[in-house]
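Student: Take this structure first; my questions come after.
The values are calculated or read from the model by the stated rules, or taken from the named source; none is laboratory data. Just so it is clear, the structure is predicted and the values come from calculations on it, not from any experiment. A quick note on method: Cβ atoms are made from the backbone with ideal geometry, for glycine too, and the neighbour counts reach across all protein chains shown. With ligands, DNA and RNA removed, areas are computed over all heavy atoms of the protein, side chains included. Shrake-Rupley method; radii C 1.70, N 1.55, O 1.52, S 1.80 Å.
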Amino acid sequence: MPLKLKLEISYPDFMQTDKFFLNLSFLLFLMAMVSCQSDKSKELKDMQAHYLENRAPLHPNHYLELPLGSIKPSGWLEKQLQNMASGMTGNLDLIYPEVVGDRNGWLGGDGDGWERGPYWIDGLVPLAYILDDENLKEKAQKWIEWTLTHQEESGYIGPIPFEEEPDPEAGIQKGPRKDWWPKMVMLKVLQQYYQATNDDRVIDVLTNYFHYQLEQLPTHPLDELSFWANRRAGDNLAVVYWLYNLTADPKLIELGELIQKQTFPWEAVFTNSPNGQEFADTWHYNKGKRYPFDQDEISSLNLAQVPGLHTVNVAQGLKQPIIYFQKSGDVNALASVKNALKMLREYHGQPQGMYGGDEPLHGNNPVQGIEFCSISEEMFSLESILKITGDASYADLLEKITFNALPTQASDDFTSRQYFQAANQVKLSDDMDYSYETQNHGGTDFVFGELTGYPCCTTNMHQSWPKFVQNLFYATPDGGVAALLYAPSSVELLVGSGEKLQIKETTGYPFRETVQFDLSLSQESTFPFHVRIPDWAVNPIMKINGQAIAFKNENGIAKIERTWKDGDQIILTLGMKVEASTWYQGMAAIERGPLVYSLKIESETKTKNRNDRFREFLEVFPTSPWNFGIEASILSDLENSVLVQENPWDGDYPWNLENAPIQLSLVGNRIPAWKNLIEIPAGLKISDSYPEEKLVLVPYGCTTLRITEFPVIAKNE
């Protein structure tokens, strides 16, 4: 066993349950004191690193994650998490016992032994500790205990491999049990559990497992049993680096290089330009050569292709170049991810921040499906990237996805979900035929159910909201605090020279323009407070204790460094402007601040049960018109053409038509000829045959049925 260089610090009572660790920067500070180093600012910085930082040879990250449970949601966000606790997240073992019940291989059983069990726990653990819910903790603990107490002497963790191939059972993935991929999900579970509890067994188990990986990967590469592991190994690498920062075990750096070598070369693919190549096989993404990769094949792949790479692999792959950037320091990695997001927007993008992929990338027609797993995984990728780079543009995109795409894909009570959603969806039924997977999934991709479409999302949807909460605040390496994402919440952390800070964030964001931070300090303290200024913000204003202050917006971040006192208050006002964005075939979407707005469509819901593997599900049909366009003259003068109306709202759950806290009104034109959603009329000109009507648009996340991309009606020449 390597020596664990773990330095334990005594903190105030409110943090006694979470022990935090300094890295080598603290030791370097002590050495500097002995050598009478004169750089006082560096000494102060080193002393004030209260939370886990990267240690050499890893490059420093811009922001430091806080212990799980330090950040608490309030208002509508707390209600969202409570709905999850009483819905599928807190009860999936009862709803889906054939897969996440006691027979699961991650509990020692002979049943499902692949990704779905760990997927669920990857969301259940942060939900349990953020809500401090003992029942949820108990449900998660038995999975964690089994993993921690059943590690083989070799270091292997996970379901016990079968001596003989078992009989197949419908709906159950019994293996391959030694596949590296599902273990990557459990690595994330164990990391979060340690961040919440400081259970030292996690360090021992992960150390032994990573030594096992180091021994095994040369002869049993990541993709030996399935290609998923080489596509998603950024998750593996992230936990390796995290453990290295705790233990300084040099074998972990060696393992990181081996994992990087065997990982699908996302940076290269993200950098490749469109080449016009098309694939006859829709599912070509899982039939390429495995490690060692064929460089000619890699050079032929790019993000413009339709059918393209697997949507969830892309979402997870976005983080991979930047995870490794911590070691390489190669700025080309940063550029590759920027280029990937640009190409996804151009060739597959939809206004809510996501991209068409059902399941291969499928172009930017607004009816193409967006898989729930890709939303969960892109959110986690963006959260990972944001901490490492400090680039505020990733926070802008993360909020767009969170406040638009995420709320609408699960029911309000979190008891059902869509496998796919789309920017334009005017009915949800089992006769829709828009996706590559329609036949494989019995037409159930867009309806709401427990197991409709494909069951991976039933288990993987749960990480989304809790991890968003966990990233609302960060510490800074110089003893400060950063608020880069906005929602009603509170946080406790150490700042300055070790003073205890509590922040209460009060806001109606993203529906309102102001964000208020009230500070409670154990004593006066000097530290920087970072706040994000979104790219869309118009004339942002910051007040401290009622007085407007000047601030410098450095690439979307304003840093206020001062001596703070108990009772200080910051009020940030982020002006929101109604704007139009252009999408598929010149169609227009309406946006304001972080929110995208969609046509309000009334609907009726019908229950259907075909007595098959998809279980009972809900179909939704429109009861109000949807076939509208917007005149170009309106879009060019939105400031004078759109009425912004803030509805009465007490801050409670907002994500439905009844509770929408805000709406927009403007004039649109009915297009009688537009009867088939997928057959979008082109070349529209102003005509008496397109009668004007008042349109009401509501936040995308409040809708079930919607038109988000509108045909543009040009004026007559």
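Student: Ignoring ligands, DNA and RNA, what percent of the 1.4 Å accessible area of the range 136-205 is carbon and sulfur?
Tutor: Taking all protein chains in place, the range 136-205 shows 48 percent carbon and sulfur surface.
Student: Further, regarding this structure: Could you tell me which of rounded, prolate or oblate describes the range 249-376, using a ≥ b ≥ c as the square roots of the eigenvalues of the alpha-carbon gyration tensor, with rounded for a/c under 1.5 and, failing that, prolate when a/b is larger than b/c and oblate otherwise?
Tutor: It is prolate, given that a/c is not under 1.5 and a/b is the larger ratio.
Student: Which label belongs to the value computed from this structure, given these candidates for semi-axes √(5λ) of the Cα gyration tensor in Å: (i) 41, 37, 24; (ii) 54, 31, 21; (iii) 39, 33, 24?
Tutor: So the structure-derived entry is (iii).
Student: Another question, if that's okay. Across the range 529-686, what fraction of all alpha-carbon pairs, as a whole percent, falls in each successive 10 Å bin from zero upward?
Tutor: P(r) for the range 529-686, in whole percents per bin: 8, 24, 27, 21, 13, 6, 1.
Student: Please give the net charge around Asn365, taking every other residue with its beta carbon less than 12 angstrom from that of Asn365, where Lys and Arg add +1 and Asp and Glu add -1.
Tutor: Summing Lys and Arg as +1 and Asp and Glu as -1 gives -3.
Student: For Glu359, enumerate residues with amide H under 5 Å from its amide H, sequence gap 5+ or separate chain, H modeled in the peptide plane.
Tutor: Tyr436, Glu437
Student: Could you order the peptides 590-602, 88-100 from most to least packed, using the average number of other C-beta atoms within 10 Å per residue?
Tutor: 590-602, 88-100
Student: Also: To make sure I understand the rule: partners must be lysines, Cα under 21 Å from the Cα of Lys79, and not fewer than 8 residues away in the same chain. Which ones qualify?
Tutor: Lys137, Lys139, Lys400, Lys467, Lys504
Student: Over the chain, what relative contact order in percent results from Cα pairs under 8 Å that are six or more residues apart?
Tutor: 13
Student: Where only protein heavy atoms count, and the probe is 1.4 Å, what is the accessible area per residue for the chain in Å²?
Tutor: Dividing the accessible area of the chain by its residue count gives 37 Å².
Student: Which value in nm describes the separation of the simple spin-label points at Ala56 and Ala548, placed 7 Å from the Cα toward the beta carbon?
Tutor: Distance between the two pseudo-spin positions: 4.8 nm.
Student: Where q = 0.11, 0.19 Å⁻¹, what log10 of I(q)/I(0) comes from the Debye formula for the range 329-480, counting one point per Cα?
Tutor: So the normalised log intensities are -0.45, -1.16.
Student: With helices defined as uninterrupted DSSP H runs, which ones in the chain have an alpha carbon span along their own long axis of at least 27 Å and mean Kyte-Doolittle hydropathy of at least 1.0?
Tutor: The answer is none, since no helix passes both cut-offs.
Student: What's the magnitude of the charge dipole for the chain around its Cα centre, counting Lys and Arg as +1 and Asp and Glu as -1 at the beta-carbon? Answer in Debye, nearest 20.
Tutor: For the chain, the charge dipole is close to 1260 debye.
Student: Extending each Cα 7 Å along its Cβ direction at Glu215 and Glu153, get the distance between those two points in nm, one decimal.
Tutor: If labels sit at Glu215 and Glu153, their model points lie 1.0 nm apart.
Student: Just to be sure I understand: of the beta bridges DSSP finds with both ends in the chain, what percent are antiparallel, rounded to 5?
Tutor: 90
Student: If you roll a 1.4 Å probe over the range 260-327 with all protein chains in place, what percent of the accessible area is carbon or sulfur?
Tutor: 49
Student: Got a number for carbon plus sulfur as a percent of the range 341-402's accessible area, 1.4 Å probe?
Tutor: 52
Student: When the C-alpha atoms of the range 227-275 are aligned to their principal axes, what extent does each axis show, in angstrom, from largest down?
Tutor: 45, 19, 14
Student: Give the lysines whose C-alpha is closer than 23 Å to that of Lys675, dropping any in the same chain fewer than 8 places away, or say none.
Tutor: Within the straight-line limit of under 23 Å, Lys675 reaches these lysines: Lys427, Lys600, Lys606, Lys685, Lys694, Lys715.
Student: Using alpha carbons only, how many angstrom separate the centre of the range 698-713 from the centre of the range 405-482?
Tutor: 18
Student: Tell me which of Leu258, Leu214, Leu334 sits at the most positive position along the dipole axis of the chain, charges placed on C-beta atoms (Lys, Arg +1; Asp, Glu -1).
Tutor: Checked the options; the winner is Leu334.
Student: Would you mind classifying the range 598-695 by shape? Square roots of the alpha carbon gyration tensor eigenvalues, ordered a ≥ b ≥ c; an a/c under 1.5 is rounded, otherwise it is prolate if a/b is larger than b/c and oblate if not.
Tutor: Oblate shape, in that a/c is at least 1.5 and b/c is the bigger or equal ratio.
Student: A follow-up question, please. How do the peptides 532-544, 290-302, 369-381, 691-703 rank, highest first, by the average count of neighbouring beta carbon atoms within 10 Å per residue?
Tutor: 369-381, 691-703, 532-544, 290-302
Student: Tell me the relative contact order for the range 584-695 as a rounded percent, counting alpha carbon contacts under 8 Å between residues six or more apart.
Tutor: Reported as a whole number, the value is 20 percent.
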